[in-house]
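The values are calculated or read from the model by the stated rules, or taken from the named source; none is laboratory data. Computed from a predicted structure; not experimentally measured. Cβ placement follows ideal geometry from the backbone for every residue including glycine, while neighbour counts extend to all protein chains displayed.
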2 protein chains.
Amino acid sequence: MKKLVNQRENFLGDMLDGLKLRDSNIEILEETIVVRKERKKSGVALVSGGGSGHEPAHAGYVAEGMLDAAVCGEVFTSPTPDKVLAAIKAVDNGDGVLLIIKNYSGDVMNFEMAQEMAQAEGHNVASIIVKDDVAIDNEEQRRGVAGTVIVHKYAGYLSDQNLSLDQITEKVETMMETLYSIGMAIEPCLVPTTGEYGFNLAEDEMEIGIGIHGEKGIYREKSETVDKIVNRLLEELFKHTKSSRLIVMVNGMGGTPDSELSIAAKYVMENLSSREVTVSKLLVGDYMTALDMQGFSLTVLDENQTVLDALEAKTDSKYFK
Amino acid sequence: MKKLVNQRENFLGDMLDGLKLRDSNIEILEETIVVRKERKKSGVALVSGGGSGHEPAHAGYVAEGMLDAAVCGEVFTSPTPDKVLAAIKAVDNGDGVLLIIKNYSGDVMNFEMAQEMAQAEGHNVASIIVKDDVAIDNEEQRRGVAGTVIVHKYAGYLSDQNLSLDQITEKVETMMETLYSIGMAIEPCLVPTTGEYGFNLAEDEMEIGIGIHGEKGIYREKSETVDKIVNRLLEELFKHTKSSRLIVMVNGMGGTPDSELSIAAKYVMENLSSREVTVSKLLVGDYMTALDMQGFSLTVLDENQTVLDALEAKTDSKYFK
């Protein structure tokens with residue numbers, strides 16, 4: 001297996017050690033919990049996390065204006081409830097804690113268990129579950145993918161506006177009603193802990209509807225030029241979105257060069273223009289990845305002035321741009 | 001060939017169109033020259049560039065605090081002298097222009113030809129040539145690689161301090177005397193304009209001393225764990241660097257996931273600590289890439305307070321972090 005790692009079982013620990021060296025504003029608790037060195041003294045605290053392999057998510061968003069804590073599991077593996085509980089305790093300043101959970105059974109179970117344990121200890125904890133991936137037909141089973149990062153930024157902004165836990169939860173729930181994503185890959189990711197590729201593709205094949213854990217897509221198709229891929233993904237998204245004014249994210253899957261994200265962004269904007277859709281904000285970059293997978297996802301969200309303000313608001317995360 | 005592109009001959013144009021959609025502070029002149037919409041009214045203007053495929057270099061550094069213009073050639077192909085000349089004319093405000101050239105024969109020839117043409121038209125133009133890649137023994141033939149981005153930031157800061165063209169040129173020349181880089185790859189890049197890989201590697205092989213144009217390395221070796229790779233690269237760098245106080249850059253080659261850059265950074269810092277070297281600034285990220293190549297380079301520079309100030313100074317480039 002060719003990976004820039006030391007011992008595969010140390011992937012998470014080594015990565016967090018390195019991350020701490022890169023960002024002097026964070027510290028690591030219990031080897032897996034990333035928090036801001038200077039905890040927020042008031043305002044709802046935001047806790048997210050999940051398996052690793054999605055960098056910069058989630059630890060890279062532990063920063064002023066975004067998350068207060070990221071609970072990091074091993075690669076593609078949910079963190080345990082005791083770690084989530086420890087994160088809640090580390091960041092709760094008395095104004096309550098919101099858990100931002102991606103819709104995977106392990107994450108939902110472990111975060112909700114931690115929520116109950118924290119509530120039993122007197123913490124005011126709410127949770128929201130992100131399920132933006134429309135590759136999955138069944139709404140209840142939709143996975144949380146790149147749209148989660150928009151939730152991080154929005155909730156971080158609302159917390160900085162001193163909204164209560166109930167108010168933030170309600171606003172995020174409402175926003176998520178029009179948050180839709182779908183992803184694709186031309187190359188799978190190589191999982192360091194197993195030494196295996198998530199799937200195998202022939203030279204002329206691509207996957208539409210991939211997940212962020214190395215899963216193959218819902219559809220295997222002949223590979224196409226990026227303008228056609230963009231149209232294919234937008235066709236899926238427009239089965240759900242109804243607005244003609246959208247916030248749009250073009251998210252790299254980790255191994256996609258920045259040049260190709262620019263090219264994809266061009267065709268996204270051209271395509272949306274031909275559909276007479278106005279884009280009020282365009283985000284392009286690696287926000288929620290699957291290790292070194294080559295591909296991208298598109299996320300759309302109905303225009304909303306508060307979300308726009310949130311996306312423009314200051315954060316000291318080096319990864320939200 | 002699997003690449004997220006439309007027509008391969010439109011790679012550069014499509015990429016710049018996309019970049020402009022991502023960054024409302026830039027505009028594109030003559031289809032290949034990226035400049036700031038609001039030109040600097042005073043102070044030495046900085047022009048860099050070269051072939052494309054190194055994103056975010058160079059166009060991503062056209063921003064307050066860094067470059068005034070990036071002249072973009074096709075993938076791995078030098079821009080022509082007339083484009084460099086047009087860039088010089090577009091940004092010269094009367095305080096002179098510094099060309100920051102990576103040491104490749106095409107770039108050096110074309111930028112220097114443009115320099116002469118501009119001088120003949122009365123512009124005050126100086127140039128410096130970055131040759132930080134110690135993979136090449138012969139000093140005159142050393143390639144300009146990731147250290148170039150440190151030069152961009154340093155020169156941008158000096159310009160903002162209102163230093164003259166002569167002063168900036170001299171300071172940058174002095175700084176470059178201790179600027180050394182070397183890179184490695186575990187996977188080659190796929191060049192969109194040819195549809196070919198830069199080289200081929202067996203499952204258990206890696207390349208040490210790769211270039212940023214898809215060139216294979218100087219040494220082909222058995223692949224190793226990242227701690228040993230880090231030591232291998234530092235051994236090469238310490239044949240040149242003499243200081244025990246260093247500025248260090250860990251640069252991703254484009255297809256390397258951020259998690260692995262964090263892991264590499266950890267072992268770089270551990271290794272330098274064991275050599276009793278103090279790191280006064282650590283930069284980690286994709287600064288100067290080779291398309292989707294998987295690997296990283298290390299750059300070291302003797303500690304220097306002005307360079308440290310420059311690296312900390314504000315820029316509105318989304319890519320210098």
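Looking across A:His213, A:His152, one residue alone is assigned by TED's automatic domain parsing to the domain that holds A:Leu298 and within 22 Å of A:Val62 (Cα to Cα). It is A:His213. Pairing residues of region B:180-197 that are on the phi > 0 side of the Ramachandran plot with residues that are aliphatic (A, V, I, L, M), at Cβ distances under 8 Å and at least 6 apart in sequence or on separate chains, gives B:Gly195/B:Met1. I'd like the full set of residues that are touching an Asp or Glu at 6+ places or on another chain (Cβ under 7 Å) and surrounded by fewer than 21 Cβ atoms within 10 Å (Cβ to Cβ), limited to region B:137-157. B:Arg142 - this is the single residue of region B:137-157 that is touching an Asp or Glu at 6+ places or on another chain (Cβ under 7 Å) and surrounded by fewer than 21 Cβ atoms within 10 Å (Cβ to Cβ). Kindly evaluate A:Gly18 against the criterion of being without any contact (Cβ under 8 Å) to a residue 12 or more places away in the chain, buried (at least 24 other Cβ atoms within 10 Å of the Cβ) and of a type in the set (Gly, Ala, Ser). Spelling it out, A:Gly18 is indeed without any contact (Cβ under 8 Å) to a residue 12 or more places away in the chain, buried (at least 24 other Cβ atoms within 10 Å of the Cβ) and of a type in the set (Gly, Ala, Ser). Quick check: is even one residue across region A:174-192 in the same structural domain as A:Tyr219 (by TED's automatic domain parsing), in contact with a Pro (Cβ under 8 Å, 6 or more places away or on another chain) and not in a loop (DSSP other than H, G, I, E, B)? No, every residue in region A:174-192 fails to be in the same structural domain as A:Tyr219 (by TED's automatic domain parsing), in contact with a Pro (Cβ under 8 Å, 6 or more places away or on another chain) and not in a loop (DSSP other than H, G, I, E, B).
Restricting B:Leu4, B:Leu12 to those that are within 7 Å of chain A (Cβ to nearest Cβ) and crowded, with 18+ Cβ neighbours inside 10 Å reduces the list to B:Leu4.
Looking across region A:33-62, the residues that are surrounded by 23 or more Cβ atoms within 10 Å (Cβ to Cβ) and at positive phi come down to A:Gly49, A:Gly50, A:Gly53. Inspect all residues belonging to region B:36-57 and state whether any of them is within 15 Å of the chain's Cα centre (by Cα), in the same structural domain as B:Glu116 (by TED's automatic domain parsing) and among the charged types (D, E, K, R). Within region B:36-57, one or more residues are within 15 Å of the chain's Cα centre (by Cα), in the same structural domain as B:Glu116 (by TED's automatic domain parsing) and among the charged types (D, E, K, R). Can B:Gly198 be described as in contact with an Asp or Glu (Cβ under 7 Å, 6 or more places away or on another chain), of a type in the set (Gly, Ala, Ser), under 24 Å from B:Gly73 (Cα atoms) and more than 11 Å from chain A (Cβ to nearest Cβ)? Yes. Counting only strands (runs of 3 or more DSSP E) that sit wholly inside region B:204-321, those with at least 1 residues that are at the interface with chain A (Cβ under 10 Å from one of its Cβ atoms), free of Cβ contacts under 8 Å to residues at least 24 places away in the same chain and surrounded by fewer than 23 Cβ atoms within 10 Å (Cβ to Cβ) are B:205-208. Please verify whether B:Leu29 is in contact with a helix residue (DSSP H, G or I) (Cβ under 9 Å, 6 or more places away or on another chain), surrounded by 24 or more Cβ atoms within 10 Å (Cβ to Cβ) and of a type outside the set (Val, Ile, Thr), treating the condition exactly as stated. No: the conditions fail for B:Leu29. Limited to region B:15-46, what total is found for residues that are more than 14 Å from every other protein chain (Cβ to nearest Cβ), part of a loop (DSSP other than H, G, I, E, B) and among the acidic types (Asp, Glu)? Result for region B:15-46: 2.
For region B:86-103, a residue qualifies if it is of a type in the set (A, V, I, L, M) and either more than 25 Å from B:Asp14 (Cβ to Cβ) or in contact with a His (Cβ under 8 Å, 6 or more places away or on another chain) (or both), and the qualifying residues are B:Ile88, B:Val97, B:Leu98, B:Leu99, B:Ile100, B:Ile101. In region B:50-63, which residues are in contact with a helix residue (DSSP H, G or I) (Cβ under 7 Å, 6 or more places away or on another chain) and either assigned to a helix (DSSP H, G or I) or away from chain A (no Cβ under 12 Å) (or both)? B:Gly50, B:Ala59, B:Tyr61 - these are the residues of region B:50-63 that are in contact with a helix residue (DSSP H, G or I) (Cβ under 7 Å, 6 or more places away or on another chain) and either assigned to a helix (DSSP H, G or I) or away from chain A (no Cβ under 12 Å) (or both).
Annotation: B:Cys72 fulfils all but one of (1) more than 23 Å from B:Asp316 (Cβ to Cβ); (2) within 14 Å of chain A (Cβ to nearest Cβ); the unmet one is (1).
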